[in-house]
Each structure stands twice: as C-alpha cells, then as structure tokens.
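The values are calculated or read from the model by the stated rules, or taken from the named source; none is laboratory data. Keep in mind that what you see is a predicted model, and the values were worked out from it rather than measured. Note that each Cβ is placed from the backbone with ideal geometry, even for glycine, and that neighbours are counted across all protein chains shown. These accessible areas exclude ligands, DNA and RNA; they are computed on the full protein's heavy atoms, side chains included. Shrake-Rupley method; radii C 1.70, N 1.55, O 1.52, S 1.80 Å.
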Amino acid sequence: MIKVPINYDEEKVKVRNLPELFVTNQGLKIDSKELWLSEKRDELLDVFASSIFGKAPTYSSELEFEAVREDSEWLNGRAIRSELKIYPLGKQNNAALTLLLYLPKQSDIPHSVFLGANFLGNDFVESDHERWPLELIINSGFGVATFFYGDIENDNPTGWIKGIRGEYLRLSGKQELLDDDWGAIAAWAWGLSRAMDYLCMNPRIDEKKVALIGHSRLGKAALWAAAADERFAAVISNNSGTGGAKLLRRNFGESIESITREFPHWFATNFEAYALDIDSLLVDSHCLLALVAPRPLYVASASDDLWADPRGEFLAAQLASTVYELFGYKGIDKELDFPPLNTVIGDVVGYHCRSGTHGITPYDWGRYIEFVQRHFGGSHGS
Ligand code: GTR
C-alpha cells in the first residue's frame, strides 16, 4: 500500500473554513438551546451519518438475553461478576454479544457504570490492568460493563459479512452496502446502544448514570454512539484521533486519505471523497463533540500520540464548549491555550494530555473517575 504523506510540522498547519455551529445549512441563526435541539442537532446527525459513519438501520427488535455465569464473591467478596449473552435480534438470529459486568457490592442502590467495548475479548479484561484497572474503578463505587468489539463485527475489510451489518443486509434482502450505509465504527456504536438497552433493563444499574468510554478506534465509536443515543449520560474519548475528537481540517497527523485507505471498512464509503475536498464536508469533529452537549464530555490525548493530533483534539473540545454555554454550562474556556501535560482543565467538558504514548492507563482512568463522580453527583452505589 502506498503511504500517504503525513504532516507533523505545526508551521505547515492551516485550518480553513471550519463549519459553523450556530447557523443551520439553510442559514438559520442558532442562539438558544431550544433552537439547537430542534434545528441543529438533527441536521448534524444526518450529515455525520451520510458523510462519515454511515446510516445504521433503525433498531426495532426485541432484545433477548440469558445469563452465562455469575460469581458473587469476586474481588474478595467486594463485587459481583457476571456474564450474559445478549441477542439484539432475538435468539433465532446469529447476532449476539457477550456482556461482562462487574458491580460493587457496597450497597443495594442502583449503580453508576462505565460501559466500553474491549479489544481483546472478555477473558483478557481482568489481566489487562493498564486498560481495565477494575479494582480502582470498583473501589470508587462504579460498575463496569464491557464486551468484545469483534462480537459485533471483526475488525477487517470483510468482517462485516459475518457481523451485524451482514446480518441486517441479509434480513433486508439487499445485495450490497450502499455508499452511505454504516461502517464498522457505526456497527460498534450500535453494539454499545444494545448493551445500553440491557443495562436499562437491569434494576441493579442506574440507567441515568451510564458513562460511555472508548479508546482509539473504540473512542470514535463511543463518541458516535453518544452523539446518536442520548441515553448515555456522559462520554469519554481516550486518544480517539481522526474520525473521533481530532479536527479533520487540521492537517496534522492521520489524515482522511490515510485512514480511509488503511481502514476502509470503518466508515461509510462516502467519507473517502472528502480526502480531496475537505471544504465540502459540512461538519468537523467539534460538531461531533457538540452533539454530546449538554452531557458531560471528557476528551484526552497523549503527548507522544501525534498520529491522533492532541492539539486538534483539544481545539475541537474547546470549540464544542461554546454549545455547552448555550445550555448554561462551562466547558473549556475559549481563552485557554493547550494545557501543560498531565493537567486537567475544563468543567462539563474536560480535557487532559497525559505524557506518554497512545494508550489508556490508570492515570487516565483516575481522571475519568473523578470527572464522572463530580458530574453524576451523590452516591455511586458506594
Ligand atoms: C490506528 C489508527 C487510528 C487509531 C488506532 C487504534 O492505527 O490509524 O485512527 O484508531 O489505530 O484504534 O488503535
């Protein structure tokens, strides 16, 4: 594969024509939260669906589930660990995901939960202390819900055939995916929403306090899931980069050309065309982040993860904060410069850039726990 040239020189960066957050495509001025919600939100969602992530089918099935196992003495009796199989299209269909759920036992009140897909499979979560510091999270009073992202669709260009996208295509009788049909990121986001359907049915969970979290490609999926599905009460984007928090118009790090060549299955086919014509794209990542408003949003970068463009992630979070202001909340002050490393800034929109490489670490988790605790308020079941 021919490598696409990538810019890492700040002096060569030009950000032109960032799409407006406060004007609709028909020219209507948005100056209230009511107008944002009635006129701008859906317009942005439609553009993201048709131009970037692809349109997912409307979910109208009855979810079924069954318990696989339960250990009520996990973590020396401090937590309940359970695993269950979710069949979003009913048991008669192939589609299924296995949800791994940890709930602290400190109290009987419904728990706040972090929900995020995992990269390696449920059996590897407990030994992955860096990416899943379960003890830290559970001792802070939160539950954890996760499933293997490959349950929804394997992460390769033909993975969709045996995944949920293939299943829906067969059910619809269509032969092939259209240029604006969903890509893998939208499929993983769909899986997050189905896991949420289940969490809403579990009386041990406070469905109003589910924080979505995702790292890297799964950070892109978490942002898109939270944008489209307002049941998620907060979202955390960890090093999500291009197609996630990073401003696409900042020519620094991974570009649209590079990502759509290397991972053509992640997006709607339509996205590729914008590599050569970014000006015609009606959105950028600040619009994706603004779709989370007024819910708490945390964006985090890592200093050596230039591929994901930390500065582009920060700027998008800062720009999206203007929409939070419409709701009367403070995000990241527009006068602030890129913050020193390992320093948390912002209010309802939070940001930090950790020193180090691409990854999610206990340092990051510590900041997310503090952030979510602050915004969810009250008890987390502890
Ligand atoms: C990279 C990809 C990024 C990022 C990352 C990951 O190779 O170019 O957009 O998502 O993978 O998911 O780890």
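Quick check: from the Cα gyration tensor, does the range 173-263 come out rounded (a/c under 1.5), prolate or oblate? Numbers along the way, then the final one.
Values: a/c = 3.11, a/b = 1.43, b/c = 2.17.
Because a/c hits 1.5 or more and a/b fails to exceed b/c, the range 173-263 counts as oblate.
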If one builds a Gaussian network model of the chain from Cα atoms under 10 Å apart, the most fluctuating residue listed among L103, L89, L247 is L89
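If you average the sequence gap of Cα pairs under 8 Å that are 6 or more apart and divide by the length of the range 201-355, what percent do you get for the contact order? Kindly include the intermediate steps, with their values, before the conclusion.
Values: 309 pairs, mean separation 33.7, N = 155.
This gives 22 percent for the range 201-355.
Hey, what number do you get for the chain at 222 nm if only DSSP H runs of n ≥ 4 count, each worth -39500 (n - 2.57), divided across all residues, to the nearest 500? Kindly include the intermediate steps, with their values, before the conclusion.
Numbers: 11 runs with 106 residues, N = 382.
Rounded to the nearest 500, it is -8000 deg cm²/dmol.
Specify whether the C-alpha gyration tensor of the range 36-112 places it in the rounded, prolate or oblate class, a ≥ b ≥ c being the square roots of the eigenvalues: rounded for a/c under 1.5, otherwise prolate if a/b is larger than b/c and oblate if not.
Details: a/c = 3.35, a/b = 1.75, b/c = 1.92.
Since a/c reaches 1.5 but b/c is at least a/b, the shape of the range 36-112 is classed as oblate.
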Excluding same-chain residues fewer than 8 positions from K40, which aspartates and glutamates have a Cα within less than 12 Å of its Cα?
-> E20, D31
Loop only per DSSP, at most 15 neighbouring Cβ atoms within 10 Å: give me the GluC sites (Glu not before Pro) in the range 210-309, ordered by residue number.
-> E230
Mean Cα-pair separation over length for the chain, i.e. relative contact order, pairs under 8 Å, 6 or more apart, % | 18
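When the accessible area of the range 247-382 is computed with all protein chains present and a 1.4 Å probe, what percentage of it is carbon and sulfur?
Working: 2600 of 4870 Å².
Roughly 53 percent, rounded to a whole number.
If you count only protein heavy atoms with a 1.4 Å probe, what accessible area per residue comes out for the range 153-207, rounded to a whole Å²? Let's see the in-between values first.
On the way: 2410 Å² over 55 residues.
For the range 153-207, the solvent-accessible area averages 44 Å² per residue.
Can you give the charge dipole size of the range 55-129 about its Cα centre, rounded to the nearest 20 debye, using +1 on the beta carbon of Lys and Arg and -1 on the beta carbon of Asp and Glu? Provide the component values of the computation, followed by the final result.
On the way: 7 positive and 11 negative charges, 44 e Å.
Here the size comes out at about 220 debye.
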Give me the distance in nm between label points sitting 7 Å out from Cα along the Cα-to-Cβ direction at L136 and E39, one decimal.
-> 4.5
Calculate how many DSSP beta bridges within the chain are antiparallel, expressed in % of all such bridges and rounded to the nearest 5.
-> 45
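For V344 and D123, what does the FRET efficiency come to when R0 = 35 Å and r is the distance between their Cβ atoms, rounded to the nearest 0.05? Show your work: numbers first, answer last.
Working: r = 33 Å, r/R0 = 0.95.
The pair V344/D123 has a calculated efficiency of 0.60.
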Among P104, G253, V4 - extreme Cα towards positive end, dipole of the chain, charges at beta-carbon | P104
Counting Lys and Arg as +1 and Asp and Glu as -1, each charge on the Cβ, what is the dipole of the range 224-292 about the Cα centre in debye, to the nearest 20?
-> 200
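For the pair Y59 and V13, what calculated FRET efficiency results from E = 1/(1 + (r/R0)^6), where r is the Cβ-Cβ distance and R0 = 30 Å, to the nearest 0.05? Spell out each step's value before the answer.
Values: r = 40 Å, r/R0 = 1.33.
Approximately 0.15, to the nearest 0.05.
For the range 62-134, what does the relative contact order come out to in percent, with C-alpha contacts under 8 Å and a separation of six or more? Intermediate results must be reported in sequence, preceding the final value.
On the way: 98 pairs, mean separation 16.3, N = 73.
That works out to 22 percent.
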Can you work out the FRET efficiency for the pair L171 and C200, with r the C-beta to C-beta distance and R0 = 22 Å, to the nearest 0.05?
-> 0.35
Label K334 and N154 with points 7 Å out from Cα along Cα→Cβ: what is the distance between them in nm?
-> 4.9
Yeah, the range 310-382 with a ≥ b ≥ c from its alpha-carbon gyration tensor (a/c under 1.5 is rounded, else prolate when a/b outruns b/c, oblate otherwise) is oblate
Given a 1.4 Å probe, how much area per residue of the range 265-359 is accessible, in Å²?
-> 37
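Quick check: at a probe of 1.4 Å, how many percent of the accessible area of the range 102-236 sits on carbon and sulfur atoms? Let's see the in-between values first.
Numbers: 2550 of 4960 Å².
Summing carbon and sulfur atoms, their accessible area is 51 percent of the total for the range 102-236.
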